[in-house]
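The values are calculated or read from the model by the stated rules, or taken from the named source; none is laboratory data. Remember, it's a predicted structure, so these values are computed and weren't measured experimentally. Cβ placement follows ideal geometry from the backbone for every residue including glycine, while neighbour counts extend to all protein chains displayed. The area values use the complete protein model at the heavy-atom level, side chains included, leaving out ligands, DNA and RNA. Shrake-Rupley method; radii C 1.70, N 1.55, O 1.52, S 1.80 Å.
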Amino acid sequence: MTAYFIQAFIYLAAAVIAVPLAKRLGLGSVLGYLIAGVVIGPIAGLVGNETSTLQHFAEFGVVMMLFLVGLELEPRMLWNMRHKLIGLGGLQVGLSTLVVMGIAFAFGFNWSIALTIGMIFSLSSTAIVLQTFNEKNLTKTEGGKNAFSVLLFQDIAVIPMLALIPLLALPELIEKAQSAAATAAEHHEQMSLVAGLPGWAYGIVVLSAIAIVVVGGNYLSRPLFRYVASSNLREIFTATALMLVIGIAALMSLVGLSPALGTFLAGVVLANSEFRHELESVIEPFKGLLLGLFFITVGAGIDFDVLASNIGPVMAMTLGVILIKATVLLLLAMIFKIKNSDRWLFALSLAQAGEFGFVLLSYTVQNHVIPVDLAQILSLVVAISMFLTPGLFILFDKVILPRYEQTENMREPDVIDEKGTVIIAGVGRFGQIVNRLLVTNGFKTVVLDHEAQQVENLRKINTKSFYGDATQPDLLHTAGIAEAKMLVIAIDNPDRAVELTEYIKHTYPNVIILARAFDRSNLYRLRKAGADFMVSETFHSALQLGKHALTHLGVHPFKAEQQRAIFFETEMAHKDTLYESWKQVTGDDKHLVHYRDMFIQLEETLSAAMKDERYRSFSRMERGWTPPPKENDTAFSKSETD
Amino acid sequence: MVDAAKKILVLYAHPSQERSEINKPLFRATQQQEHVTAVDLYAEYPTFRINIDKEQQRLRDHDVIVFMFPLYWYSTPAILKEWQDLVLEYNFAYGANGNALEGKTFLCAISAGGSETAYQADGYNHFTLRELLHPLEQTASLTGMTYLAPFALFCARSAFDENRVHSHIEDWLRILSALSNNTLDIALGKSLEKLNENLNILIRD
């Protein structure tokens, strides 16, 4: 036990020290993790033996990441992406595999080994690239979007690769392995549902496993989540989400499929669910930590002895891989008309090998396709190319982008997309009216509410809404607060509304906040917290009702409307002074009295403004459609003014 | 002694700007000009609650007053009429002590759907544009302002497709700068049917 604590502490401490440092130096968190791994592993020798065990564990970060990627992709969106996915992604994987395979073949490798190497290097690092895009806000650029479809295709392409690799097994390696296995006891036997099944039965098992994920995700997840959500225990919701992801990963492993792909599929199935954002925010921290761990183990797993004795070939191969992939990607970018700096972003961001390379490598060794010593060298190539990726991004930032920025600034400015997302926190009786007005005007909204029933009701009338506590920063994050234009706060708890306003204004100062206030003091507190626009929930409707009261009491409807407007304008004219004196109310009576005086003054001004003096005297107070006075003006004939 | 540049106030009224092909670009270009205060009345008063004091102060602060609008039923859009009814008060714009506008220059920048030939005694609108604007001309006269002929674009519905908008804006910017530099022949401007008839004679270099 003690040893575990010490190991865990070393890993965490390395991350805590290295990652913020790397971020501060502009290197991105991934490089930070990798460096932390190198430091505690090969350099300081603090960790080592357990690295490969940990790596299995950390690969679960990749599984979670794909679950989250799936959650982001609604089936319809996936369908819309199909041309890029298959065209761009398919060509990238195909061409890179072929070119690398050709070169390996030319160096005298067996064709099956050459093909495997080609497949391994055709993949890029989803983890590094998506993480970096997120950190640098590149996800929504043309280059970012195209890179994403390629990454997605690669993640899917891993399945057929995993299916193909066992067929490439080399007889001599199998023989060697068998003799080794004969001496070792068979305690490495993996649990499997499909071992020893005939082909047709295997097919049925695999298909039913997929069916369980799709059907279960579609029909069973919602009642389950609603049941859990109704308990209002956030940790149980977290447990449910973890249970789901782990369960699917286990099921997929049992039938011999990739857990990552299984959870990806589950993610896509759940992408339409109202629980999507809450799921994302719950899984996100686990994913972050496990991915971090994964990168650390990659760094720690670098074998400096093997590297030192093969430094020439390893570096040549690494640079070769990056060069080949970048060239293929540039070519594709030209064919698919990705322009300007986006073309370079696309090519450079995907030029490394990826974490699935490690997975494939260990799989190829297990399946006797590639000899162990070659696999060791290849995994160094994968690791070092991942190491160099932040460098490629820096190259893009510092060298390529400035050039294009100059020329791009010369162009006509793009049409500004004014329709940024609006997040609506709380869709009770207030928030849903705001939402309806925005949605019917074609604005994109993301609606959050912590009452599963409310969300359910809105879903029934086709309003896109998600279950979750909008005051949780990570939920807001997954709902897209970082890219949102505006946040409408209409949650019922006044204190939390103020806290939320403070948090958002502090973390995302560019997001416009419109807040519903419960009463006057809540309104002032929201204003103090930095809300851009506040309205008391009953103010306008009460004024509207008051106007109708005037009308029913015999006041002319137009006059009643004027009085309503004057009332409103007088309030607005005094809001700043009242707010300032409210701010001074510190509990002592003197300021409280001052505030009260201000309020009384407002009431006096109001009643003065309401008084109609039209026919008593010609007053400057009284404005609007005023005829000249009845006497003492000679410039006009009587007939014109009456 | 060089005259100080004259300050121009443009009051722009267009109730359906998402459809505008002429007035909106014209207004945008106007906003960029020096010595010009450009006010979008429908944006500032979406509920028609016009702030009378603010508007009167604006009038006091400027030397040239421009109404910029598409012709609606031979007159201004509703908010400009509302503006006149409320802002041009007794003892401000007229009446015993109402001389705040005296000596200022007034003109309209208009787009009209019909062709220029339609706005003739024998055309289907029966009156010239200048005749149809007589209420505004008389308002200017009563308030002591110098009334200039309207700056007008006819056949406005097809102007964009016929590439007439750009030159129209160019002409307008020339007039604006001539008004602020005092290089516009006011006597001639008063007498014309429309201001953009012959700019090279109207504007002294």
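Observations on the structure shown:
- The listed residues A:547, A:444, once ranked by accessible area (1.4 Å probe) with the largest placed first, stand as A:444, A:547.
- Whole-percent carbon and sulfur share, accessible surface of segment B:1-68, 1.4 Å: 45
- Expected-Rg normalisation [2.2 N^0.38 Å, Cα atoms] applied to segment B:1-156: 1.05
- Amide H contacts of residue A:472 (H built 1.01 Å from N, in plane; Pro and chain starts excluded): no residue 5 or more places away or on another chain comes under 5 Å.
- Computed E for residue B:166/residue B:200 - FRET, C-beta separation, R0 22 angstrom, nearest 0.05: 0.75
- Helix A:51-72 and the longest principal axis of the C-alpha atoms of chain A enclose an angle of approximately 40°.
- Percent accessible area from carbon and sulfur atoms, segment A:24-136, protein chains only, probe 1.4 Å: 67
- Cross-link pairs exceeding 32 Å between alpha carbons, from the set A:575/A:611; A:444/B:54; A:444/B:24; A:464/A:583; A:630/B:104: A:444/B:54; A:464/A:583.
- Once the chain from residue A:111 to residue A:79 is taken as fully extended at 0.36 nm per residue, the excess over their C-alpha distance is 8.0 nm.
- Residues of segment B:54-101 that bury at least 20 Å² of accessible area when the other protein chains are present, relative to the chain alone (probe 1.4 Å, heavy atoms, ligands and nucleic acids excluded): B:82, B:85, B:86, B:89, B:90, B:94.
- Label-to-label distance for residue A:44 and residue B:181 is 7.4 nm, based on points extended 7 Å past Cα in the beta-carbon direction.
- The stretch between residue A:441 and residue A:429 holds 2.4 nm of extra length on full extension. This uses 0.36 nm per residue minus the Cα-Cα distance.
- Among beta bridges that DSSP assigns inside the protein assembly as shown, antiparallel share in %, nearest 5: 5
- Cα-Cα separations in segment A:503-557 greater than 17 Å, expressed as whole percent: 51
- Under 5 Å, built H, 5+ apart or other chain: amide partners of residue B:21: none
- Amide H contacts of residue B:127 (H built 1.01 Å from N, under 5 Å, at least 5 apart or other chain): B:120
- Across segment A:231-245, computed HN-Hα scalar couplings (Karplus, 6.51 cos²θ - 1.76 cosθ + 1.60, θ = phi - 60°) run 6, 6, 10, 5, 5, 6, 4, 4, 4, 4, 4, 5, 4, 4, 5 Hz from first to last residue, x flagging Gly and Pro.
- Violating pairs (Cα-Cα greater than 20 angstrom) within the set A:84/A:339; A:84/A:398; A:337/A:398; A:339/A:398; A:145/A:339: A:84/A:398; A:337/A:398
- Both the radius of gyration and Dmax for segment A:435-479 are 10.9, 29 Å, in that order, over alpha-carbon atoms.
- Residues of chain A: accessible area per residue with a 1.4 Å probe, Å²: 52
- Solvent-accessible area of residue A:206 with every protein chain in place, 1.4 Å probe, in Å² to the nearest 10: 20
- Residue ranking by accessible heavy-atom surface, 1.4 Å probe, largest first, among A:303, A:342, B:161 comes out as B:161, A:303, A:342.
- Dimensions of the protein assembly as shown based on its C-alpha atoms, expressed as ranges along the principal axes with the largest first, amount to 124, 69, 54 Å.
- Cβ-Cβ distance of residue B:142 and residue A:533, R₀ of 30 Å, FRET efficiency by 1/(1 + (r/R0)^6): the value works out to about 0.10.
- For the chain pair B and A, buried accessible area totals roughly 1200 Å², probe 1.4 Å, rounded to the nearest 100.
- Counting 0.36 nm for each residue step from residue A:362 to residue A:559 and taking away their Cα separation leaves a gain of 62.7 nm.
- Area of residue A:575 that stays accessible when all protein chains are in place (1.4 Å probe, Å², to 10): 90
- Remark: accessible surface ordering of A:156, A:324, A:338 (largest first) is A:156, A:324, A:338, probe radius 1.4 Å.
- In angstrom, the C-alpha Rg and Dmax of segment A:83-173 are 15.1, 50.
- With DNA, RNA and ligands ignored, accessible area of residue A:625 (1.4 Å probe; Å², nearest 10): 90
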